[in-house]
Amino acid sequence: MAVASIVSSTQYLSFMLDKEIFALDIGKVREVLDFTTPTKVPQTPRYMRGVINLRGGAVPVIDLRLKFGMTETERTVNTCIIIVEVSINDETTILGALADSVKEVFDLNPEDVEPAPRIGTQLKTEFLRGMGKKDDEFILILDIDKVFTVDEISGLSGAAMAPEAE
């Protein structure tokens, strides 16, 4: 049996950013938390909203709407933080990603995922794994490992560390 025939469907967690549906491979998601106000960290990018305490460790919280050029995420009853594992250069970093709301966990077959569209040279789509279609809706499937650069991850990881008194 060929490897390609073994791979059937993949599970994704879908969530809303503005009016768009995004999804992450469920294997990258650790948990979903109710919104907690992050502690701000000075001199960090605008999309980094701060850090939260997750079982004794500081976890950077990213506003994906700001990262993708949208307006800042507004806190509502549905706002949540998706805790994800980001892997870059064989290192794993834990991040919190703000979402307007979480929709569902669903299965998607490989044939239901199309490559990300190429829309000129100005729009960067390398962080998209593809476009899924479910119930006549398009879902932007993120490759969370490509949303941030190595330098951004290093900066976020460093910002999560408590500065020592000098």
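The table below lists the values:
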read-out	value
Antiparallel content of DSSP bridges confined to the stretch 10-156, in %, to 5	90
Total formal charge among the other residues, if their Cβ is under 13 angstrom from that of residue 86, Lys/Arg +1 and Asp/Glu -1	-3
Residues with amide H under 5 Å from that of residue 103, placed H, sequence gap 5 or more	14, 15, 16
Simple spin-label estimate for residue 11 and residue 104 in nanometres, 7 Å along Cα-Cβ	1.5
Extension gain, residue 40 back to residue 131 (0.36 nm per residue minus Cα-Cα distance, nm)	29.4 nm
Around residue 77: net Lys/Arg minus Asp/Glu count, Cβ-Cβ under 12 Å	-2
Cα-based shape type of the stretch 1-112, given that a ≥ b ≥ c are square roots of the gyration tensor eigenvalues and the cut on a/c is 1.5	prolate
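Any read-out appearing in this document is the output of simple, stated calculations on the displayed coordinates, not a laboratory observation. These numbers come from a predicted model, not from an experiment. No Cβ is skipped: glycine too gets one built from the backbone with ideal geometry, and neighbour counts run over all protein chains shown.
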